[in-house]
1. Just wondering, is there one or more residues in segment 64-72 that are modelled with pLDDT of 90 or more and among the β-branched types (Val, Ile, Thr)?
2. Within segment 41-58, can you find the residues that are without any contact (Cβ under 8 Å) to a residue 40 or more places away in the chain, under 15 Å from residue 29 (Cα atoms) and surrounded by 12 or more Cβ atoms within 10 Å (Cβ to Cβ)?
3. So the check is Cβ under 6 Å with 6+ separation or different chains; which pairs have a first residue in segment 68-80 that's at positive phi and a second one that's exposed (fewer than 14 other Cβ atoms within 10 Å of the Cβ)?
4. If you scan segment 64-80, which residues turn out to be surrounded by 13 or more Cβ atoms within 10 Å (Cβ to Cβ) and not in a helix (DSSP H, G or I)?
Amino acid sequence: MIRVALALAAAFVMAAPTTAEDAKKRMTYQELLKGKNIDRAKLPKVDVAIEGRGTFTLELVPDLAPETCMQILRLVDEGF
């Protein structure tokens with residue numbers, strides 16, 4: 001579980017905007033979903049538990065990030 005969380009944290013850091021102007025251009029998660037008419041209730045969710053730290057839930061959106069979703073689900077299947 002820790003490896004999954006670290007990989008995801010690295011991906012989020014790499015995707016973070018680098019300037020204030022870049023940040024203004026980015027859509028929020030809710031805006032992306034609304035623009036694609038994606039129903040959040042139907043999205044697959046993965047609970048991640050980090051020993052001694054707690055848990056959090058990932059909401060997977062295959063329409064926006066199919067490769068990332070497949071990799072996360074592969075890790076789940078492998079028991080991470």
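The values are calculated or read from the model by the stated rules, or taken from the named source; none is laboratory data. Note that the coordinates shown come from a computational prediction; the quantities given were computed from them, not determined experimentally. Counting neighbours? That spans all protein chains shown, and the Cβs are built from the backbone with ideal geometry, glycine included.
1. yes
2. Result: 43, single match.
3. The qualifying pairs do not exist here.
4. First pass over segment 64-80, keeping only residues surrounded by 13 or more Cβ atoms within 10 Å (Cβ to Cβ): 64-65, 68-69, 71-73, 75-76, 80.
Scanning segment 64-80 gives 64, 65, 80.
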